[in-house]
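The structure appears right after this line, and notes come after that.
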Amino acid sequence: MGMIGGGQGAFIGGVHRMAAALDGKIELVCGAFSSNPERSKASGRELFIAPERVYPDFQTMIETEKNLPEDVRMDLVSIVTPNHVHYAPSMMALDYGFHVICDKPLAFNLEESYSLQEKVKETGLIFALTHNYTGYPMVKEAKHQIASGQLGEIKKVVVEYAQGWLSSFLEGTDQKQAAWRTDPSKSGIAGAMGDIGTHAENLAEYITGSRIKSLCADIGIVVKGRLLDDDGNVLIHLENGARGILFASQISAGEENNLCIKVYGERGGLEWNQMRPNDLILKWPDQPKQILRTGVGNLSESTQAHTRIPAGHPEGYIEAFANIYRNVAECVSARIENRTVNPLYEDFPKVEDGVRGMEFIYKVIDSGKSDQKWVKL
């Protein structure tokens, strides 16, 4: 694997590297770790990458790697840059024949997203998007419970992602993450809704197996001087007829990463919270609630395939990321070895999920600004 971004001072790059390395199936062999060539070199030294394979920019990396022998050059590239630097390296990597793992959201704007989707179709290469919460074992189990009809017809979905780290004007300090995530020139048209609202949207569609067909949004900027939304509430209608509520906020003081989903069907409901990731709560009208636990009991095949450690040990953020990397590694290896991959390992967010997320962002912002509140997605 090669990496673009994620060098010294970056937040998410280290998470991706840990996740990629967890199963011993992916080796980091090269990188353009920063737009600053000296910082890229220094980052490469810290990661013990051969100096000749630490590059000053992603263009040089992709071109140089393509000219290396097939058994030496990278097979895929991980892109862990801010939003406005997702599109160009993704397109170039695909053009040069490399598989891609990209951080979310897919791109800076909707036009770039559609262009990337077409490029993936054209090349037939693997493109994964790190909506990492879909990698949790009990999220897989929640999806299975609904798909197998345990809850009956789905009627209601409530999904929320509450953070509090931007409850003050943090971008006015030297905090790098706050600076770019609240900057329209780097983040795009949305703040909280693009950063964490898309996680809520993706989780709701993944677990229920039904897409959002229309929405009504109330979007706001709470902190004075901020340029992008930091709080929002969205009413949603799903294609299966269910109705729901999606809430995303980065000004909920005291909250950490409180992503929670509740789904209610005609026969029962379920609840999952990523701050208690080993628990899936099932709720019934005629019996006590159940708590399913990671690694315990007769769980689905998909859940078991994405469970790594013995019961009672939390399967967390890194492991969820790692499940995406492991699955991509299995798919890439299958192509290299010309064999069929187990369909369980094809379960990771793809470019289509990224396009859905970008469409969601645009429709939420459109609705938030409009007096005609309900818009079709």
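The values are calculated or read from the model by the stated rules, or taken from the named source; none is laboratory data. Bear in mind the structure is a predicted one, so any value in this text is a computation, not a measurement. Heads up, the Cβs are rebuilt from the backbone with ideal geometry, glycines too, and the neighbour counts pull from every protein chain shown.
List of remarks:
- Scanning region 235-262 for residues that are crowded, with 16+ Cβ neighbours inside 10 Å, aliphatic (A, V, I, L, M) and in contact with a Ser or Thr (Cβ under 6 Å, 6 or more places away or on another chain) returns Leu238, Ile251.
- Per the listing Lys186, Lys140, Lys121, Lys176, the residue uniquely charged (D, E, K, R), modelled with pLDDT of 95 or more and farther than 30 Å from Gly241 by Cβ is Lys121.
- Any chance Thr64 is in contact with a strand residue (DSSP E or B) (Cβ under 8 Å, 6 or more places away or on another chain) and either surrounded by 15 or more Cβ atoms within 10 Å (Cβ to Cβ) or not hydrophobic (A, V, I, L, M, F, W, C) (or both): no
- Residues satisfying the stated conditions in region 308-323, i.e. over 22 Å from Asn258 (Cα atoms) and under 24 Å from the mean Cα position of the chain (by Cα): Arg308, Ile309
- Region 299-327, subset in the same structural domain as Arg276 (by TED's automatic domain parsing) and touching a His at 6+ places or on another chain (Cβ under 7 Å), residue surrounded by the most Cβ atoms within 10 Å (Cβ to Cβ): Thr303
- Residue in region 249-259 that is more than 19 Å from the chain's Cα centre (by Cα) and not small (Gly, Ala, Ser) present: yes
- Just so you know, in region 173-208 the residues that are in contact with a Lys or Arg (Cβ under 7 Å, 6 or more places away or on another chain) and over 27 Å from Gly7 (Cβ atoms) include one that is surrounded by the fewest Cβ atoms within 10 Å (Cβ to Cβ), and it is Tyr206.
- From the list Gly164, Gly152, the lone residue that is surrounded by fewer than 22 Cβ atoms within 10 Å (Cβ to Cβ), at positive phi and either part of a loop (DSSP other than H, G, I, E, B) or not basic (Lys, Arg) (or both) is Gly152.
- Residue in region 268-297 that is surrounded by the most Cβ atoms within 10 Å (Cβ to Cβ), counting only those that are more than 17 Å from Gly152 (Cβ to Cβ) and small (Gly, Ala, Ser): Gly295
- Members of region 228-241 that are under 20 Å from Ile365 (Cα atoms) and of a type outside the set (A, V, I, L, M, F, W, C): Asp229, Asp230, Asp231, Gly232, Asn233, His237
- Checked across region 209-231, the condition of being surrounded by fewer than 24 Cβ atoms within 10 Å (Cβ to Cβ) and in contact with a Pro (Cβ under 8 Å, 6 or more places away or on another chain) holds for at least one residue.
- Gly5 crowded, with 16+ Cβ neighbours inside 10 Å, in contact with a Ser or Thr (Cβ under 7 Å, 6 or more places away or on another chain) and either without any contact (Cβ under 8 Å) to a residue 12 or more places away in the chain or under 21 Å from Arg326 (Cα atoms) (or both): yes
- Test result for Asp371, over 19 Å from the mean Cα position of the chain (by Cα), outside the structural domain of Val72 (by TED's automatic domain parsing) and acidic (Asp, Glu): yes
- Exactly one residue out of Gly244, Gly268, Gly225, Gly220 is farther than 24 Å from Val364 by Cβ, over 20 Å from the mean Cα position of the chain (by Cα), small (Gly, Ala, Ser) and outside the structural domain of Ala107 (by TED's automatic domain parsing): that is Gly268.
- Residue in region 42-50 that is buried (at least 22 other Cβ atoms within 10 Å of the Cβ) and either closer than 21 Å to His199 by Cα or at pLDDT 95 or above (or both) present: yes
- Pairs meeting the criteria (first residue in region 240-267 and farther than 24 Å from Asp229 by Cα, second residue of a type in the set (A, V, I, L, M, F, W, C) and part of a loop (DSSP other than H, G, I, E, B), beta carbons under 8 Å, at least 6 apart or on different chains) are Val263/Leu151; Tyr264/Leu151; Gly265/Leu151; Glu266/Leu151; Arg267/Leu151; Arg267/Trp284.
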